[in-house]
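Below is one structure, written out as structure tokens, with a few remarks after it.
The values are calculated or read from the model by the stated rules, or taken from the named source; none is laboratory data. Note that the structure is predicted; figures quoted are calculated from it, not measured. Glycine gets a Cβ as well: all are built from the backbone with ideal geometry, and neighbour counts include every protein chain shown. Side chains included, ligands, DNA and RNA excluded: accessible areas come from the protein's heavy atoms. Shrake-Rupley method; radii C 1.70, N 1.55, O 1.52, S 1.80 Å.
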Amino acid sequence: MGKMIVPYSFPYSKYLTYGVYISEIVAPIFLIFGRYIRIASVIIALNMCLVLFLVYKNRFFELNENGGWSIELPLLYLLISITLIFGKRENHE
């Protein structure tokens with residue numbers, strides 16, 4: 001991941017690579033247990049935006065080997081996390 005970020009000269013790119021561990025391990029654990037859902041969803045949404053920008057930028061309009069859109073799964077994760085961010089929250093006490 002660090003090698004993909006270096007050409008774009010993101011500020012603090014060394015520390016941005018550690019954000020991948022947070023967004024792929026810690027944030028889903030918070031979602032599973034139902035704690036800090038919106039914060040975890042923001043982290044996952046930012047990660048998916050970064051994935052779409054860095055990994056799928058050249059394959060945005062291509063089909064994968066099964067005939068599906070190549071960015072279908074990351075886009076699905078992005079849309080689900082955006083739904084969790086802006087969705088209505090109900091209190092069950």
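Points worth noting:
- Using the 1.4 Å probe convention, the accessible area of the range 21-93 works out to 79 Å² per residue with neighbouring protein chains retained.
- Working ranking of peptides 82-89, 43-50, 61-68 by packing, defined as the average number of other Cβ atoms within 10 Å per residue, highest first, is 43-50, 82-89, 61-68.
- Between Arg89 and Ile39, the simple label model (points 7 Å from Cα in the Cβ direction) yields a spacing of 1.1 nm.
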